[in-house]
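To start, the structure itself, in structure tokens.
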Amino acid sequence: MTKWIDWGVMAWIEGRYLDDESVLVFFKGTRLAAMTEGLVAQHRPPLAHGNDAEPGGWGAIVHHLHDPERNDFDPIDHRKLCPQGAELMVFIPNPCLAKAHGPKAYHYKDGRISSCIDYEDPDQVGEYWPNEMAPLITAAGLGNEHEHEYEDHDERLTRLICDHLGLPALHREAFTVTAS
């Protein structure tokens, strides 16, 4: 269900490991066309996408984390993709391959960020680091100081987030690869 967190989304879709700094965005309350248009406007055209979201359901789209051709290594502003009434769950499995940082995830609702989840310290909360999911993570025992050292930690944390938000399981055959 959430094996894509281990190696990156495009690597999981294509069935082989790549230097994969892709981002998986689940979206609800907005359309695939609007997501595509917003990503293109921020110079991160989609790499792949699932079906458009049914009313009240979740869709999924994949884009590059960076745009090296434009020398653009800044993150995009996902708030611009999340209008009033929309919700996004953004997963970055490999935020920095060179430094081997753990995954990060961000939950947005109505254009605002509600949770920033660093897989290396998943229940961290701060003034500039909101995390409404921190109590859920702590209650599941996944915020423990040494918990991230367990081999299946990333998978279990991803599953917890997906289950909590009702995100659909991803299936390779349901994705259309639009670029490589």
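The values are calculated or read from the model by the stated rules, or taken from the named source; none is laboratory data. All values derive from a computational prediction rather than experimental measurement. Here the Cβ is made from the backbone with ideal geometry for all residues, glycine too, and neighbour counts use every protein chain on show. For accessibility, only protein heavy atoms count, side chains too; no ligands or nucleic acids. Shrake-Rupley method; radii C 1.70, N 1.55, O 1.52, S 1.80 Å.
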Extension reserve of the Leu165-Trp129 stretch, reckoned as 0.36 nm per residue once the Cα distance is removed: 11.0 nm
Built amide H within the under 5 Å cut-off of Gln124, gap 5+: Asp118
Segment Ala139-Lys80, extension gain: residue separation times 0.36 nm, minus the distance between their alpha carbons: 18.1 nm
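Skip the ligands, DNA and RNA, and give the accessible area per residue of the chain with a 1.4 Å probe, whole Å².
Here the residues of the chain average 52 Å² of exposed surface.
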In the chain, lysine pairs closer than 22 Å at Cα, eight or more apart or cross-chain: 8
Estimated FRET transfer efficiency (Asp121, Arg70; beta-carbon r; R0 35 Å; 0.05): 0.65
Karplus 3J(HN,Hα) series, Hz, for region 167-176 with 6.51 cos²θ - 1.76 cosθ + 1.60 (x for Gly, Pro): 6, x, 5, 8, 10, 3, 5, 8, 9, 9
Average Cα contact separation per residue, region 29-103, under 8 Å, 6 or more apart, as relative contact order %: 26 percent
Under-5 Å amide H pairs with Ile113, H placed in peptide plane, nonlocal only: none
Relative contact order (%) - criterion: Cα under 8 Å, at least six apart; region: the chain: 23 percent
Stretch in the chain that is longest and holds no GluC sites (Glu not before Pro) that DSSP places in a loop and that have at most 15 other beta carbons within 10 Å: 1-119
HN-Hα J in Hz across region 22-38 - Karplus 6.51, -1.76, 1.60, θ = phi - 60°, x for Gly and Pro: 9, 10, 9, 10, 8, 9, 9, x, 9, 9, 4, 4, 5, 5, 4, 4, x
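Taking only the alpha-carbon atoms of region 5-115, what semi-axes of the equivalent ellipsoid follow from 5 times the gyration tensor eigenvalues under a square root, in whole Å, largest first?
The three semi-axes for region 5-115 are 22, 15, 14 Å.
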Heavy-atom accessible surface of region 1-107: percent carbon and sulfur, 1.4 Å: 52 percent
